[in-house]
Amino acid sequence: MAGFVVRDFEAGRGADVRRYPERDGRLSLTVDGEAFDLRGRADRIDLDGDGSASIVDFKTGRTPSARQIGLLFAPQLPLEALMLEAGAFAGLPAAKTRELVHVILKGIAGRDAVAAFTGLKGNRSAGEADRSLDEVIALAGTQLRGLIAAYRDPSRGYVSRPRVLLSRLSDGPYDHLARVREWQSGDGDEEAPA
C-alpha cells in the first residue's frame, strides 16, 4: 500500500503541491434565521501553486462512484469542498476546488487505485445534463440548506429510509420505530413475521 501511495499517487501530484493532512473544519450557516454548524474532517487537502485545491479522501472500503458523487448520494467530498471554498478549514485560505480525489487502498497488488471527480456526465437517454464540479458543490450547499430547513419544521415527520429505492434490503437503525416490517407486509392489521 505504501509503495502505491508514494510511487503512483504522490509522484503524479507535482512538486509545488502543499499537503495539509487531517484538517478539521466548521462552516457556520444561517437557515431561516437559525444558526447551524457543519463540521467535518478532511483526510487531506492539497493546495496547488495556482491556488486551486484537491480534496483527498483515502478509502480502504467501498468507494462511491462518480455518479453517486455527482448526484449527491455520496455528499461528503462536495460538502468538504463547500467548506473549503468558504474558508472553513483551520489554517487554510478559502480555495476553489478543482477535483475530489479518492485514493483507494485495497492492499492487494494491482487493486489500489486513484479516482478523481471533476464533474458528472449526464445520462443522455434519461435527459440528464452534465454537471460541473462547481455545480455539484453549489447543489450540495443548496440541498444542505433545504435539509436543515426541513428538519427544523416541527410539522414534518422524519422517515427511517429517505431513499427507499436506494436503500439496502437489510433493516435500518430506525425501522422498528417506523414499523417498516408491519407496513411492508401490506396489511396493517397484523404483525409481520419476525
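The values are calculated or read from the model by the stated rules, or taken from the named source; none is laboratory data. Quick caveat, the model's predicted, so the values are computed rather than measured. Positions of Cβ are generated from backbone atoms using ideal geometry, with glycine treated the same way; all protein chains shown enter the neighbour counts.
Tally up the residues in region 31-64 that are assigned to a loop (DSSP other than H, G, I, E, B), within 16 Å of the chain's Cα centre (by Cα) and not β-branched (Val, Ile, Thr), please.
The qualifying residues number 3.
If Val164 passes every condition in (1) at pLDDT below 85; (2) assigned by TED's automatic domain parsing to the domain that holds Glu10 but one, which one does it miss?
The one condition Val164 does not meet is (2).
Considering Gly91, Gly70, Gly33, Gly87, which residue is assigned by TED's automatic domain parsing to the domain that holds Leu144 and in contact with a helix residue (DSSP H, G or I) (Cβ under 9 Å, 6 or more places away or on another chain)?
None of the other options fit; the residue is Gly70.
Among residues belonging to region 73-88 that are part of a loop (DSSP other than H, G, I, E, B) and surrounded by 18 or more Cβ atoms within 10 Å (Cβ to Cβ), point out the one that is modelled with the lowest pLDDT. Please lay out each step first, then the result.
Just the residues of region 73-88 that are part of a loop (DSSP other than H, G, I, E, B), to begin with: 73-75, 86-88.
Cutting the leftovers down to surrounded by 18 or more Cβ atoms within 10 Å (Cβ to Cβ) gives us 74-75, 88.
Values: Ala74: 93, Pro75: 96, Ala88: 98.
Among them, the one singled out is Ala74.
Only one of (1) under 26 Å from Ser65 (Cβ atoms); (2) modelled with pLDDT under 75; (3) surrounded by fewer than 12 Cβ atoms within 10 Å (Cβ to Cβ) fails for Ala194. Which number is that?
With (1) under 26 Å from Ser65 (Cβ atoms); (2) modelled with pLDDT under 75; (3) surrounded by fewer than 12 Cβ atoms within 10 Å (Cβ to Cβ) applied to Ala194, the lone miss is (1).
For region 1-36, what are the residues that are modelled with pLDDT of 85 or more, β-branched (Val, Ile, Thr) and either surrounded by 15 or more Cβ atoms within 10 Å (Cβ to Cβ) or touching a strand residue (DSSP E or B) at 6+ places or on another chain (Cβ under 7 Å) (or both)?
Val17, Val31
Residues in region 52-66 that are of a type in the set (D, E, K, R) and surrounded by 15 or more Cβ atoms within 10 Å (Cβ to Cβ): how many? Walk me through how you get there before you give the answer.
From region 52-66, those of a type in the set (D, E, K, R) are 57, 59, 62; that's our starting set.
Those left that are additionally surrounded by 15 or more Cβ atoms within 10 Å (Cβ to Cβ): 57, 59.
Total satisfying the criteria: 2.
Touching a residue at least 24 places away in the same chain (Cβ under 8 Å), charged (D, E, K, R) and assigned to a strand (DSSP E or B) - does that describe any residue in region 109-125?
No: zero hits.
Within the group Asp57, Asp37, Asp46, which residue is more than 21 Å from Ala113 (Cα to Cα) and of a type in the set (Asp, Glu)?
Asp37
With respect to Arg39, is the statement that it is surrounded by 15 or more Cβ atoms within 10 Å (Cβ to Cβ), among the basic types (Lys, Arg) and at pLDDT 95 or above true? Walk me through it before giving the result.
Working: surrounded by 15 or more Cβ atoms within 10 Å (Cβ to Cβ): no; among the basic types (Lys, Arg): yes; at pLDDT 95 or above: yes.
When the stated conditions are applied, Arg39 does not pass them.
If the requirement is being surrounded by fewer than 22 Cβ atoms within 10 Å (Cβ to Cβ), of a type in the set (Gly, Ala, Ser) and either touching a strand residue (DSSP E or B) at 6+ places or on another chain (Cβ under 6 Å) or farther than 21 Å from Leu27 by Cβ (or both), which of these qualifies: Gly49, Gly91?
That would be Gly49, the only listed residue that is surrounded by fewer than 22 Cβ atoms within 10 Å (Cβ to Cβ), of a type in the set (Gly, Ala, Ser) and either touching a strand residue (DSSP E or B) at 6+ places or on another chain (Cβ under 6 Å) or farther than 21 Å from Leu27 by Cβ (or both).
For region 66-87, enumerate the residues that are in contact with a Lys or Arg (Cβ under 7 Å, 6 or more places away or on another chain) and of a type outside the set (Gly, Ala, Ser).
Listed by number, the list holds a single entry, Glu85.
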